[in-house]
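This report concerns only the one structure given below.
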Amino acid sequence: MSVQASHLLIKHQGSRRPASWKDESGAEIMKRTKDQALAILDGHAKEIAAAADPAKKFAELAKVHSDCSSARNGGDLGPFSKGQMQKPFEDATFALKVGEISGVVDTDSGVHIILRTA
């Protein structure tokens, strides 16, 4: 069984690879604490929840703010099966119904919110 999801990732100084397409040297990410990353993500989650079209707002915010290269696709990771993602991310995604958005998911990559799309 495979699922499809989009995510919005905020990296912090404890992330396994503290650099991104927005911050190739990692200079800004290395200044960001995990608590700061969580606060940023919480702000995005509130904006998404308040939107008339949460899925559209999710993609808009991911394109600008996600620290993952999937940002160029609105956070879309494409389809994946069990064993392909970090365990906390996988567990959260498979627990969601299509169209649902997760709470904060903490992985070695950083902190995420996830939208299950299929």
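Summing Lys and Arg as +1 and Asp and Glu as -1 over all other residues whose Cβ lies under 10 Å from the Cβ of Q4 gives a net charge of 0. The order of the peptides 29-36, 5-12, 66-73 by mean Cβ neighbours within 10 Å, most packed first, is 5-12, 66-73, 29-36.
Once you reduce the stretch 1-35 and the stretch 38-58 to the center of their Cα atoms, the two points are 17 Å from each other.
Looking at the chain, the accessible area is 52 square angstrom per residue; that uses a 1.4 Å probe and ignores ligands, DNA and RNA.
With contributions of -39500 (n - 2.57) from each DSSP H run of at least four residues, the per-residue ellipticity at 222 nm computed over the chain stands at -10000 deg cm²/dmol.
With the full set of protein chains in place, find how many percent of the accessible area of the chain is carbon and sulfur; take the probe as 1.4 Å. Working shown, then result.
Details: 3230 of 6190 Å².
Exposed carbon and sulfur together represent 52 percent of the surface.
Taking Cα centre as origin and charging only the Cβ of basic (Lys, Arg, +1) and acidic (Asp, Glu, -1) residues, the dipole magnitude of the chain rounds to 120 debye. Could you give me D for the chain, from Stokes-Einstein at 10 °C and 1.306 mPa s, where the hydrodynamic radius is the Kirkwood radius over C-alpha pairs? Units µm² s⁻¹, please. Answer, rounded: 113 µm²/s.
Taking 0.36 nm per residue of sequence separation and removing the Cα-Cα distance, the A19/F94 pair yields an extension gain of 24.3 nm.
Geometric descriptor of the stretch 73-118, per residue, is 78 Å³ (volume of the convex hull of the Cα atoms).
Kyte-Doolittle mean at least -0.5 and Cα extent at least 20 Å along the axis: which DSSP H helices of the chain qualify? Length and hydropathy pass: 34-50.
The values are calculated or read from the model by the stated rules, or taken from the named source; none is laboratory data. Owing to the predicted nature of the structure, the values given are computational and were not obtained by experimental measurement. For neighbour counting, all protein chains shown are included, and Cβ atoms are generated from backbone atoms with ideal geometry for every residue, glycine included. To get the accessible areas, we keep the full protein, side chains included, count just its heavy atoms, and leave off ligands, DNA and RNA. Shrake-Rupley method; radii C 1.70, N 1.55, O 1.52, S 1.80 Å.
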